[in-house]
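Below: one structure, written as structure tokens.
The values are calculated or read from the model by the stated rules, or taken from the named source; none is laboratory data. No experiment lies behind these values; they were computed from the predicted model shown. Cβ atoms come from the backbone with ideal geometry, glycine included; neighbour counts cover every protein chain shown.
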Amino acid sequence: MRGSARSRSSVKTALTSRSSSASDQPNSRGYHHVENRPFARLAGGDGPGCLRQENLAGKYNVQEPAVSDPSIKPTAPTTPVITDDEHLFETFGGREGLTALMDDAMVRWLKNPKTRPFFENADQAKIKALLVEQFCVIMHGPCQYSGRTMAEAHRGMNVKEANFYGLVEELQVAMNKRHIPFRAQNRLIAALAPMHRDIIDK
Ligand code: HEM
């Protein structure tokens, strides 16, 4: 464990600590779909807690980008929206803050052996810009996400669980460095967690 980074197990805890009573309804805390779906349960991808693509359009406040390849069927929303915290986007420093956060996170992803092989030959500037858009939308900020779905963007990359945790860990280190309060960090991480179904290759 480096510097102020939380351990791998604490990342897992952040991703799994929610109660297991799944509901498809937006809840009192404003999560339109990520609340009450622990990471492990999501990994199963089925059952009452599982979000299906056909549920997304009307039921949740989700802006799904078009999928150009009909063989790709996303199972998790690419841009869920947290609607009950109107200050979340500002807590992250707005677009400027998110841009700085992504700059920092990308430097870390390029250093971490779990993530470096994926990013070293990729268009890093484009990925960062799309992540800023995506996170801005998730935080109910004034942005549009112009990228692909997570299923489409990560298809065939052979991302494993360890790579996913590596990415989230470095994101958390970057958020800590920017003094983003834990509560705000956890809200973002909880929104990102369901995406693992579309990103990880089992
Ligand atoms: C919650 C976790 C993740 C989120 C929110 C996320 C988000 C994104 C976004 C928004 C894009 C741009 C989409 C586009 O090009 O249209 C992208 C692309 C990419 N992501 Fe992720 N990602 C996640 C996890 C990962 C992981 C774990 C890896 C590998 C360790 C990874 C590697 C990449 C790479 C290499 C690209 C570029 C793909 C290309 O240019 O074709 N991502 N991701």
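Taken over the range 111-144, the criterion of being exposed (fewer than 15 other Cβ atoms within 10 Å of the Cβ) and hydrophobic (A, V, I, L, M, F, W, C) is satisfied by Ala122, Ala125. Here Asp104, Asp85 are screened, and the one residue that is part of a helix (DSSP H, G or I), under 21 Å from Asn186 (Cβ atoms), out of contact with any Phe, Trp or Tyr (no Cβ under 8 Å at 6 or more places or on another chain) and more than 11 Å from the ligand (Cβ to nearest atom) is Asp104. Do we have any residue at all in the range 181-198 that's touching a residue at least 24 places away in the same chain (Cβ under 8 Å), within 23 Å of Asn121 (Cβ to Cβ), among the hydrophobic types (A, V, I, L, M, F, W, C) and part of a helix (DSSP H, G or I)? Checking the range 181-198: at least one residue is touching a residue at least 24 places away in the same chain (Cβ under 8 Å), within 23 Å of Asn121 (Cβ to Cβ), among the hydrophobic types (A, V, I, L, M, F, W, C) and part of a helix (DSSP H, G or I).
Tell me which residues, restricted to the range 170-180, are assigned to a loop (DSSP other than H, G, I, E, B) and either near the ligand (Cβ under 9 Å from one of its atoms) or not charged (D, E, K, R) (or both). Those that are assigned to a loop (DSSP other than H, G, I, E, B) and either near the ligand (Cβ under 9 Å from one of its atoms) or not charged (D, E, K, R) (or both): His179, Ile180. Among the conditions (1) farther than 23 Å from Val81 by Cα; (2) within 11 Å of the ligand (Cβ to nearest atom); (3) in a helix (DSSP H, G or I); (4) among the basic types (Lys, Arg), the only one that Lys114 does not satisfy is (3). Once the range 117-156 is narrowed to residues that are over 16 Å from Glu90 (Cα atoms), aromatic (Phe, Trp, Tyr) and without any contact (Cβ under 8 Å) to a residue 60 or more places away in the chain, the residue that is farthest from the ligand (Cβ to nearest atom) is Phe119.
Here is a list: Gly94, Gly58. Which entry is away from the ligand (no atom under 15 Å from the Cβ) and modelled with pLDDT under 95?
Numbers: Gly94 fails: modelled with pLDDT under 95.
Being away from the ligand (no atom under 15 Å from the Cβ) and modelled with pLDDT under 95 holds for just one of Gly94, Gly58, which is Gly58.
Taking the conditions exactly as written (at pLDDT 50 or above, surrounded by fewer than 16 Cβ atoms within 10 Å (Cβ to Cβ) and under 25 Å from Val132 (Cα atoms)), does Asp85 satisfy them or not?
Values: at pLDDT 50 or above: yes; surrounded by fewer than 16 Cβ atoms within 10 Å (Cβ to Cβ): no; under 25 Å from Val132 (Cα atoms): yes.
When the stated conditions are applied, Asp85 does not pass them.
Specify which of the listed residues (Leu167, Leu192) is under 21 Å from Phe89 (Cβ atoms), within 9 Å of the ligand (Cβ to nearest atom) and among the aliphatic types (A, V, I, L, M).
Being under 21 Å from Phe89 (Cβ atoms), within 9 Å of the ligand (Cβ to nearest atom) and among the aliphatic types (A, V, I, L, M) holds for just one of Leu167, Leu192, which is Leu192.
The test for being in contact with a Ser or Thr (Cβ under 6 Å, 6 or more places away or on another chain) and assigned to a loop (DSSP other than H, G, I, E, B) does not hold for Pro80. Asp201 meets the conditions (1) within 9 Å of the ligand (Cβ to nearest atom); (2) within 22 Å of Pro74 (Cα to Cα) in every case but one. The failed one is (1).
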